[in-house]
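The values are calculated or read from the model by the stated rules, or taken from the named source; none is laboratory data. Here the structure is a predicted model, which is why all the values come from computation and not from measurement. Cβ sites come from the backbone with ideal geometry, for glycine too, and all protein chains shown count toward neighbours. These accessible areas exclude ligands, DNA and RNA; they are computed on the full protein's heavy atoms, side chains included. Shrake-Rupley method; radii C 1.70, N 1.55, O 1.52, S 1.80 Å.
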Amino acid sequence: MIGVSLRKYLRAGLAGVVAVALSSCGPKEPAVSGGSTVVRQITEAQYRNIIRDVFGSSVTIIGRFDAPGREAGLLAVGASKADIAPATLERYDNLGRSIASQVMEEKRRANLVSCTPKAPKEADDACARDFLGKVGRMLYRRPLTSAELDLETRIATEAAKARGDFYAGLEFALAGMLVTPQFLFIAEATEADPDHAGLQRLTGLSKASRLSFLLWNTAPDEELLAAAEKGDLNTKRGMERQIDRMLDSPAVEAGVRNFFSDMLGFDAVEQLAKDTIIYPAYSSTVANDLKEQTLRTLVDLLVTKDGDYRDIFTSRKTFMSRQLAMVNRISAPTETTWVPYEFAENDPRSGIQTQVSFLALHSHPGMSSPTLRGKAVREIFLCQAVPPPPGDVNFDNFNNAAVAKTARERLTVHRTNPTCAGCHKVVDPIGLTLENFDGMGQFRTTENGVPIDVSGDLDGQPFEGGVGLGKVLHDSPAATSCVINRVYAYATGRAAGRGDVAFIDYLEKRFAADGFRFKSLLRTIAESDAFSTVAAKPASQSNKVAFDASGHKELQP
Amino acid sequence: MTFLIPRKPTRRSVLRGMLGSAAISVSLPFLDCFLNTNGTALAATGAPLPVRFGTWFWGLGQTPGRAISNKMGAGIEFLDECKALIPYRDHINYFSNFNTPLDGKVSQVHFTGWVAARTGEAPGRDRDVRLPTLDVLVGDLIGSGSRFRSLDVSCTGNPKDSYSFRSAGAPNTAEVSPVSFYARVFGPEFVDPNKGDFKADPNVVLRKSVLSAVNEQSKQFVSTLGAEDKARIDQYFTSIRQLEDNLAAQMQKPEANAACHVPGLPVEGQIGTEVGFAQTNHKLMTDLMVLALACNQTKLFNMLYSDSGSSLRLPGTSQNHHNLTHEEPNDPKLGYQVLSAKFATWSMEAFGYFLEAFSKVREGDGTLLDNTFIFANSDTSHAKIHLNDNIPIMTAGKAGGRLKTGLHIDGGGNPLSRVGFTALQIMGVPVEAWGSGALRTSKPITEIMA
Amino acid sequence: MGLNPRVYLAVAAVAGLIGATVIAASPAKTAPAAKKSYGFVVSSLFTAMNDSKYMDECPEGLTESNDERWLRNMTPEQREKVTAGGKRTHVDRRLAAALRGPNGEDVCWNPELVKDPPMRTVQSGTSFGMNLDGTTDGKATAKSCAHQKFVGVDGTPAVDNQLFRLMGCTKGWRSDGYIENSAQTERLDISQGIILVEVTDVDDTRNDDDVKVSFYRPTDKLLKDGTGAVLTYVSYQIDPTRYGDTAKGRIKDGVLTTDPIDVHLPFFGNVVISEMYLKDMRLKLNMAADGSSAKGQMFGYYDWETWWDYTRKIGLAVIARHSCPALYEASRRLADGYPDPVTGECTALSSAFKVEMVPAFVVHPNIKTAQAH
């Protein structure tokens, strides 16, 4: 907080000299080569946030959304490759009509429709134009073109006449707007960049969207749109002022939560299934709470306390609900939903890799999986790719795995079979250290009556248990580099490429210099030239994209 | 009573008809509405019963030697695991010994197999479906003119378990709940084709004109995009057109069909990967699917009983079907994996139920099964070793007489794409060759072409 | 009967508050000793019935119900009418059957208006129970009325269980009867009448000569898994306004026993919210060493008023198959504890209950944080 207000003070007052001095202390952003624009499908969370921001939280959004595939570890990058299939558009159409009809309900329209029609049973061009222009600007994240506004107004007018109801006209027009590509896709526009000869830059409005979706995971608010329209976002100062404001706002929590939901793969919680005969404590409430626990932990550490990112692997501080307390076998007061909790120093849990969310998500429905957990540690926290299991493996040697008592014994077969060993050796020694947590993340010391050995290693570095794993991850440069890559990809909608190496390198130095403060990382990226500079010719990208067609497919355990 | 379809009613006349006395002049891009000036829709034209196309999928194949005998030709000999199919063996073709050449690509386990069978291309990497799936290609030919382009269902509880793609970024995600499936098809917007007093819903007309406007706007929007971005969201434009098309279909009365009736609302049970849930939901959604077809709500469907690399499981056991296929020891006496084989048997029982439901719907002189082409396949042959060759593929139904059935076809190591290619030809999709690389084929399996 | 349960309730409430405060404060004061607490939620509670398959304990047979008495006093024509030719089952007749007072009064609410033949009661010699009066022959003492003794099921001589003697031949109260089983199911289903038990001051779960056992009511809903089993290690906040009696106890070889106390416990069954008021209550629990389970029996004198209050309110005399006037008469006659100082009539029934508990966290109102145990 002090840092922020000092910055504000400096900008407002002495500006130049000191600010320059400050920034010259640390690493400097390298020369930009320009990224590319992307067209992103808005995500479910963004859709919900925008509707809430524009029409209020009383408008209910009931319906299923189709999540994009995961690309480069993120749905946010997958969204830049996602397209809308007929079934998905049908769902959007249903949602749009439901929202439009709620907005035009008598109890809401008085507050939401910006003007009063001359006669409620008749069309009123001017009033329709006023409403649709205002709402359209928020939904499309830019003012409507006159052609767009003309068309929307005409729809409203014709439908109002046909139905003999001004509001019915608005309803049809609004429902239509909610299925336009302008709303459903976040497209980016560029213009020549006067500061970087030969390069393009995002227009102020496109910058506003990138900023807002990065920091708040919603469309730009009025102030940001206005700043963009005035051209403020084309100046460093103007950008910084908005970034300060947005980072100081409580809305940044939603942004940080969404980023980590994405990075940690929490979309899979919706499909999470546990065998309730084996894990009676599992329920949909537990599923919801396990995700919430980790997000609360992260927001508290990284936003509220402005803490060190690396501590997510070692922090014993978290939050408990009654249901999660049950899973953790601790007591919790039940009069409030969530209470802060700190695991004892000798507790086997510290860091988010020992939280129920991580442990349960990367397990089978009826048992733990060191393989899935090890793979997840590499892919999620270290951004390392683990190859898929090989085809045409004869599993005949595996018959003796059935008599093994512990996962370690079972997996020995895989690690000694030459075809399987390559991958299993890379992931199992990590996952085996979390084996004293069962398939839904409950602590245990034995499996089938045999004591569990939680020793393991990460790339030759030996350690014990989830706590040991946390310490290794805490000190791993790959882990901090990973989150930098993910935030950058999340911010720009594309995975960092060859042209971004110098910039990522710069981010790593800055992140370290800033004490690995997550908010500082967001600020550095948002304020950078790389954030909004675009190569004159968009970097070539394949329009043939991968998609997680079959849901998450499992490695052999 | 038969009406003639006026080629192009004027927009004015359409709207005057639709909206009664309201005097409107419409400048919106209304498309042709196939309505007469009284606003009643054009009813049945005496066209032959439509031929439907759909797929049925199950994960993890069959146990070698337990599904079908080696006898080829007419008179399929189903064995234990396929007992449930015996009553329908004259309506089935079973394809053995069709292979999946990979052109040196790495096999993506539980992915390569189905992608090859459904798109004619072995994927280069995991999760990459580059070519449209069979159902989408057939849909481009027969899918329009119905309320739904296609109805896609998954019994695993996961909407992403769908193997219907136009392009990689846009799968047709599936319905997973019988209740929402019911609501989608037989909810308030359902029009009973057998009821005489059809009047198009004026809201549908308005919605369609709004969508036309959206489509128009989209073109302006696209003009602001670069070529790559434009290509990337191409599917969206197809989808918008299809949605318009669906609405146009709702402005006409669906073809009457005596077999159509509105089913009762199913009771919402549990949804998830427990095999019992999948079996129940498969039955419930099959029952709804055949009625949706009988009521001419769609001509296209995709039914998924279990996912590729089946995640179905028995309650209270730590291993799911997939893990079992790898880790369950062979029974020393029987020589196969007993529990895995049970899962495979249950899969075929589900398929048997599916065929039973189709054969129970009477249409004209035959049944719905006679007027349907069902393409059924799995992702592997012997799951224990992730085998991509000899993946079980079946067709069922007679496709309105275009498909000969009752045959066990020996592929002799030919590419499995020949089955998909034959399906396309039988359905009338104008293709001379299909697939890519070693899977590219221009040779249909003529034995099954009527 | 002379006893006003309300007075006892008020006293108990105060005692409960004090008890709670003491317990909450104790861990802080006794930090070095590292005494532990073990919480439980009662997952099963049944009146301990030593009933046999062939009903050897009831040589006269099972008790007659209101319904049977009612029909017996009618002419065949009347019976034909009220049963609609035999089509109306006894369940459908249950309300009408109770209205057999001289002027159609409800005999469950006015059990003295009608005199039925004596109720059939247990005649066998063995029962669950504990020697509560200290005598070997059941003769009257200052604290008890004369009564017959049983031999304990485990061979213990001279145990008292007049509640079993009273109800052991009533169909609905026997082990497979509707009344007890539906009460148990309802408690779990609607989370009423749930008892929390907290064992505190524990140094050693195998042998400890000085522990405390407190009884509470939770303010939170009972949590169960998909099969209906009570979940373990769930936190429950106690209701600080009611209950909270504490007994002294000891553990020997893993068996916890308590000194007698008068205890009020939440009770619910057959849609009746009531309470169990047990005087001289003693608990005998087999506790797992790690506190992961506890199972045992509870003994004591069941206050007649609270017991009768529940029994007549359930309105299920027909299903339970007892006659209200006969039961009323027998229950007062068989009451063996706590003679009324004025009338000398006993006001409580010796009784035994089977209890099963699962581990739970008992959260006191002053605890505002989550805690490891």
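Taking θ = phi - 60°, what integer Hz values does the Karplus form 6.51 cos²θ - 1.76 cosθ + 1.60 yield along the range B:156-171, in sequence order, with x for Gly and Pro?
9, x, 10, x, 6, 6, 9, 10, 10, 9, 8, 9, 4, x, 9, x
Which value at 222 nm does chain B reach when only helices count, each DSSP H run of 4 or more adding -39,500 (n - 2.57), with the total divided by all residues and rounded to the nearest 500 deg cm²/dmol?
On the way: 11 runs with 139 residues, N = 450.
That calculation yields -9500 deg cm²/dmol at 222 nm.
Hey, if we sort A:Thr433, A:Thr43 by accessible area with the 1.4 Å probe, largest down, what's the order? Working shown, then result.
Working: A:Thr433 0, A:Thr43 30 Å².
Greatest to least solvent exposure: A:Thr43, A:Thr433.
Could you pull out every residue, at least 5 positions away or on a different chain, whose amide H is within less than 5 Å of the one on A:Gly439? Hs are placed 1.01 Å off N in the peptide plane, and Pro or chain starts have none.
A:Ser368
Pairs of alpha-carbon atoms within less than 8 angstrom and 6+ residues apart define the contacts here; what relative contact order does the range B:199-252 have, in percent?
Working: 24 pairs, mean separation 37.6, N = 54.
70 percent.
With just the Cα atoms defining each centre, how far is the range B:235-297 from the range C:45-96? Give it in Å.
After rounding, the separation between the Cα centres reads 54 Å.
A drop of at least 50 square angstrom in accessible area, chain alone versus all protein chains together, probe 1.4 Å. Which residues of the range A:56-70 meet that?
A:Arg64
Where the centroid of each part is defined by its Cα atoms, how far is the range C:104-160 from the range B:372-406 in Å?
Result: 76 Å between the Cα centres.
Pull out a ≥ b ≥ c, the square roots of the eigenvalues of the alpha-carbon gyration tensor of chain A, then state rounded if a/c is under 1.5, prolate if not and a/b is larger than b/c, and oblate in the remaining case. Walk me through the intermediate numbers first.
Values: a/c = 1.91, a/b = 1.49, b/c = 1.28.
The shape class here is prolate.
Report, to the nearest whole %, how much of the accessible area of the range A:133-208 belongs to carbon and sulfur atoms, 1.4 Å probe, protein only. Don't skip to the answer; put the middle values down first.
Details: 1150 of 2230 Å².
Here it works out to 52 percent.
Using the Karplus equation 6.51 cos²θ - 1.76 cosθ + 1.60 (θ = phi - 60°), what ³J(HN,Hα) coupling, rounded to whole Hz, does each residue of the range A:476-492 give in order, writing x for Gly and Pro?
7, x, 5, 5, 6, 4, 4, 5, 4, 4, 5, 5, 5, 5, 5, 5, 9
Given a cut-off of under 8 Å on Cα pairs at least six residues apart, what relative contact order in percent is computed for chain C?
Working: 847 pairs, mean separation 95.2, N = 373.
This gives 26 percent for chain C.
Once a ≥ b ≥ c are taken as the square roots of the eigenvalues of the Cα gyration tensor of the range C:151-197, is the result rounded (a/c under 1.5), prolate (a/b larger than b/c) or oblate (a/b not larger than b/c)? Please list the in-between numbers first.
Values: a/c = 3.14, a/b = 1.65, b/c = 1.90.
It comes out oblate by the Cα gyration axes.
Using packing as a proxy for protection, rank A:144-152, B:342-350, C:88-96, B:178-186 so that the peptide with the highest average count of other Cβ atoms within 10 Å comes first. Don't skip to the end; give the middle numbers.
Details: A:144-152: 17.8, B:342-350: 23.0, C:88-96: 13.9, B:178-186: 19.9.
The most tightly packed comes first, giving B:342-350, B:178-186, A:144-152, C:88-96.
Give me the 1.4 Å probe accessible area per residue for the range B:199-252, excluding ligands and nucleic acids, in Å². Can you show the working numbers first?
Numbers: 1790 Å² over 54 residues.
Accessible area per residue, the range B:199-252: 33 Å².
Just tell me how shielded A:157-164 is by partners: mean number of partner chain Cβ atoms within 10 Å of each residue's Cβ, no decimals. Can you show the working numbers first?
Details: counts 3, 11, 7, 0, 7, 12, 5, 2.
Across the residues of A:157-164, the mean count of other-chain Cβ atoms within 10 Å is 6.
When the Kirkwood radius is taken over all Cα pairs of the protein assembly as shown, what Stokes-Einstein diffusion coefficient follows at 4 °C and 1.567 mPa s, in µm²/s?
Result for D is 36 µm²/s.
What total accessible surface area, summed over both chains, is buried at the interface between chains A and B, computed with a 1.4 Å probe and given in Å² to the nearest 100? It would help to have the intermediate numbers written out before the result.
Numbers: alone 25060 and 19380 Å², together 37230 Å².
Buried: approximately 7200 Å² between B and A.
For peptide A:178-186, how many partner chain Cβ atoms fall within 10 Å of a residue's Cβ, on average?
On the way: counts 1, 8, 8, 13, 6, 1, 2, 7, 0.
Mean partner-chain Cβ count within 10 Å for A:178-186: 5.
What are the residues whose amide H is under 5 Å from the amide H of B:Lys199, where those residues sit 5 or more places off or on another chain and H is modelled from the backbone?
none
Non-local amide H neighbours of A:Thr203 (under 5 Å, H modeled in plane, Pro and chain starts lacking H): which ones?
A:Ala189, A:Thr190, A:Glu191
Tell me whether the range C:155-241 comes out rounded, prolate or oblate; compute the Cα gyration tensor, take square roots of the eigenvalues as a ≥ b ≥ c, and use a/c under 1.5 as the rounded threshold. All intermediate terms of the calculation are to be shown ahead of the outcome.
Values: a/c = 2.19, a/b = 1.16, b/c = 1.89.
It comes out oblate by the Cα gyration axes.
Which GluC sites (Glu not before Pro) from the range A:324-354 combine a DSSP loop assignment with at most 10 other Cβ atoms within 10 Å?
On the way: sites: A:Glu335, A:Glu342, A:Glu345; in loops: A:Glu335, A:Glu345.
Listed in order of number, the matching sites are A:Glu345.
What is the percent carbon and sulfur in the accessible area of the range B:199-252, measuring with a 1.4 Å probe over the protein chains and ignoring ligands? Kindly include the intermediate steps, with their values, before the conclusion.
Working: 880 of 1790 Å².
C and S atoms contribute 49 percent here.
Work out how much length B:Asn70 to B:Val262 would gain on full extension: take 0.36 nm times their residue separation and subtract the Cα-Cα distance, in nm to one decimal. Spell out each step's value before the answer.
Numbers: separation 192, 0.36 × 192 = 69.12 nm, distance 4.33 nm.
Working it through step by step, the gained length comes to 64.8 nm.
Tally up the carbon and sulfur contribution to the accessible surface of the range C:247-291 as a whole percent, 1.4 Å probe, everything protein left in place. The partial results should precede the final answer.
Details: 830 of 1560 Å².
That fraction is 53 percent.
Over all alpha-carbon pairs of chain B, lay out the pair-distance distribution in 10 Å bins, whole %, shortest bin first.
4, 20, 30, 25, 14, 6, 2, 0, 0
Quick one: Karplus J couplings for the range C:114-125, per residue in order, coefficients 6.51, -1.76, 1.60, θ = phi - 60°, nearest Hz, x for Gly and Pro?
Those phi angles translate into 10, 10, 9, x, x, 6, 7, 10, 5, 10, 7, x Hz.
Probe of 1.4 angstrom, ligands and nucleic acids ignored: what's the accessible area per residue over chain A, in square angstrom? Could the numbers behind the result be given before it?
Values: 20560 Å² over 557 residues.
Result: 37 Å² per residue.
Compute the distance from the alpha-carbon center of the range A:302-344 to that of the range A:503-521, in whole Å.
Centre-to-centre distance over Cα atoms comes out at 26 Å.
Ignore the peptide's own chain and count Cβ atoms of other chains within 10 Å of each Cβ in A:503-512; give me the average, rounded. Can you show the working numbers first?
Working: counts 0, 0, 0, 0, 0, 0, 0, 0, 0, 0.
The per-residue average across the peptide is 0.
Sort A:368-375, A:294-301 by the packing proxy (mean of other Cβ within 10 Å over each peptide's residues), most packed first. List each step's numbers first, then the result.
Numbers: A:368-375: 26.5, A:294-301: 20.9.
The most tightly packed comes first, giving A:368-375, A:294-301.
Ranked highest first by average number of other Cβ atoms within 10 Å, how do B:133-145, C:239-251 line up? Mind showing how you got there, number by number?
Values: B:133-145: 21.7, C:239-251: 19.5.
Highest to lowest by the protection proxy: B:133-145, C:239-251.
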